[in-house]
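Here, each number is a calculation from the coordinates, and none is a lab measurement. The shown structure was predicted, so the numbers you read here are calculated from the model rather than taken from an experiment. All Cβ positions, even for glycine, are placed from backbone atoms using ideal geometry, and neighbour counts span all protein chains on display.
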Amino acid sequence: MSSGVGGDSIGRGRGDVPFHVLPVLEGVLPIRGIDGSTGEAIPMGTTSGLGEASDPYRADVVRWAAMDVPSIMKEEDLTRLREEYRIPEDIELILPGPNERACFPRLGCTALHLNAFVSGMRLPLHPMFRRILRAYDLAPTQVAPNGWSQMVGSMYLWFRHSFGMEMPLHVFQSVYQPRKLPRKKGKEEEVGWYYFCPWGSHKPLVTGCPSSIKQWKESWFWVKGNWQRVYDDPEPDLNVPSVYGIASPLPRCELSRENTDVLRSIYEADIKGRSYNFILNRQRCLVELGLVASKGSLFS
């Protein structure tokens, strides 16, 4: 997929490594204004202001494409989901009613879609994914399965190539930008759904992701309870949006030499080791990162 973003101001290094220098400090995240502009920068890890900039674009004033998509999930689907992905009992999985929509969350609930689990998401939700969703002001079901594959796969690749470190948010935002799903022929623009596309002409960290997944938009359900809190959570107050928002790219950051070296190592690695099949189909990353792997793939 083409990002549609020119690379005139972006330097190129070896391979696909995105060498770039912008007037943003390492580890500092600018807050997005309502008009997409950036304001005062705040240190990474500070949660106030994140995920709050798009209130005027919320579901009460935007006609989300999800308003036309009821859930096709059944109770037996939720039972299998809990068993297959070992979802703890203190996390409630709730079947939506026929008139409910993912973009209008039930009180105390957030919508998730089944294919996010297929793409590597697990519950409780890892803090890295909470940071990404909060920073881009996206509810979980707004991210297409390939977007989840890029988040999970990038987390895994960074872990492997940085000797066990977690991928910082400002690195992710310097590699990827959110893009609206392409409009289908003869249909109106599908407002509210996104995937993560590399900036400029650079390639994604994770390669070979499926190009089409049937009925992922319809396969959603409500989640409630302790689904955002991992054991000994480093950021217990960091919650993801449950209401839909309009995403825009966060500014790219100047990366340290250490972070650039990790990216170079990933891009120069064997392409097979960066493939969707290698990373996700057997869930290697979930085991190594301490996430719960499905029973079917853990021992395959």
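Can you list the residues of region 218-240 with backbone N under 16 Å from a point 7 Å past the Cα of Glu75, pointing along Cα to Cβ? Correct set: 222. The modelled label-to-label distance for the pair Glu84/Gln215, using points 7 Å beyond Cα in the direction of Cβ, is 1.2 nm. Expressed as a fraction of 2.2 N^0.38 Å, the C-alpha radius of gyration for region 113-260 is 1.04.
Close amide H pairs (under 5 Å, H built 1.01 Å from N) link Glu92 with Lys224, Gly225, Asn226, residues at least 5 positions away or on another chain. Put in line by how crowded their Cβ is, counting other Cβ atoms within 10 Å and starting with the fewest, Arg257, Arg86, Arg101 read Arg257, Arg86, Arg101.
When only alpha carbons are used to place a centre, region 95-112 and region 209-249 end up 13 Å from one another. The Cα atoms of region 63-106 give a gyration tensor whose axes a ≥ b ≥ c have a/c of 1.5 or more with a/b greater than b/c, which makes the shape prolate.
Backbone N atoms of region 198-231 closer than 19 Å to the 7 Å Cα→Cβ label point of Leu107 belong to residues 222-226.
Only counting other Cβ atoms within 10 Å, I'd like Thr110, Thr141 sorted with the fewest neighbours first. Mind showing how you got there, number by number?
Details: Thr110 21, Thr141 26.
Ascending number of Cβ neighbours within 10 Å: Thr110, Thr141.
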